[in-house]
Amino acid sequence: VADHIDGPSVVIHPGVPEPQVERLQPAEQVILVAQRLEAEKRTELAIRAFAASGLAGQGWQLHVAGDGSQRTMLEALAARLVPGQVRFLGHRADVPQRMARAAMVLASCKVEGLGLSVVEAMALGVPVVAAAAGGHLETVGGVADAALFAPDDEHEAGGLLRELAADPQRR
């Protein structure tokens, strides 16, 4: 990039500050998705994975923090697949606090360059289930026993959610 811009450049390595919130233990039976509600983020796949997990029938909820052009379509999908078990929170200023209370974070985007919400979850010690693609391979993939699923496989993602929900020690 530096060869193609005018003027000097500086490399700034991405990262997250030390968390300012404490992780809640035991965590709530909540899976958090924190992202823009746009097609490339694949929130539809996250909802389908949650439905495939069967966790809604065990009292778990999916919370979606973020907003975007797909919200209405996603709300309709959630109402059809897992009625009453998906909460759309809109744009939030309290995502770190919500993340600290969640049992897991689900990252469905397969073209994520870094995935800031994933790195923030990891900094808090929140388990992440993520698409095995893009930046997730370097972040989540660097963890032993990583919970990575084939990017288009809602059933594999649902299976990982179910496995982690059933194993608090692994989480």
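One table, with the values for the structure above:
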{"quantity": "Rounded if a/c under 1.5, otherwise prolate or oblate - the range 111-171, Cα gyration tensor axes", "calculated": "oblate"}
{"quantity": "Local net charge near Leu37, Cβ-Cβ under 14 Å (Lys/Arg +1, Asp/Glu -1)", "calculated": "+1"}
{"quantity": "Per-residue SASA entry for Met73, accessible area with 1.4 Å probe, Å² rounded to 10", "calculated": "80"}
{"quantity": "0 to 90° range, to nearest 10: angle between helix 43-53 axis and the chain longest Cα axis", "calculated": "40"}
{"quantity": "Gaussian network model of the chain, springs between alpha carbon atoms under 10 Å - residue of Gly141, Gly158, Gly59 with greatest fluctuation", "calculated": "Gly59"}
{"quantity": "Per residue, in Å², the accessible surface of the chain once ligands and nucleic acids are set aside, probe 1.4 Å", "calculated": "52"}
{"quantity": "Ala79-Asp6 pseudo-label distance in nm [points 7 Å out on the Cα-to-Cβ vector]", "calculated": "5.2"}
{"quantity": "Accessible carbon and sulfur surface of the range 75-146 relative to its total accessible area, %, 1.4 Å", "calculated": "54"}
{"quantity": "Fully extended contour minus Cα-Cα distance, from Leu24 to Glu163, at 0.36 nm per residue", "calculated": "48.0 nm"}
{"quantity": "The chain - percent relative contact order, Cα under 8 Å, separation 6 or more", "calculated": "26"}
{"quantity": "The chain, helix-only ellipticity at 222 nm - DSSP H runs n ≥ 4, -39,500 (n - 2.57), divided by all residues, nearest 500", "calculated": "-9000 deg cm²/dmol"}
{"quantity": "Considering only the chain, percent of DSSP beta bridges that pair antiparallel, nearest 5", "calculated": "5"}
{"quantity": "Selected from Thr72, Thr139, Thr43 as most flexible by GNM, with the chain as the system and alpha-carbon contacts under 10 Å", "calculated": "Thr72"}
{"quantity": "Per-residue SASA entry for Glu163, accessible area with 1.4 Å probe, Å² rounded to 10", "calculated": "100"}
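The values are calculated or read from the model by the stated rules, or taken from the named source; none is laboratory data. Computed from a prediction, not measured in an experiment: that's the story for all the values here. Cβ coordinates were reconstructed from backbone atoms using ideal geometry, including for glycine residues, and neighbour counts include every protein chain displayed. Areas reflect the complete protein model, heavy atoms only, side chains present, ligands, DNA and RNA absent. Shrake-Rupley method; radii C 1.70, N 1.55, O 1.52, S 1.80 Å.
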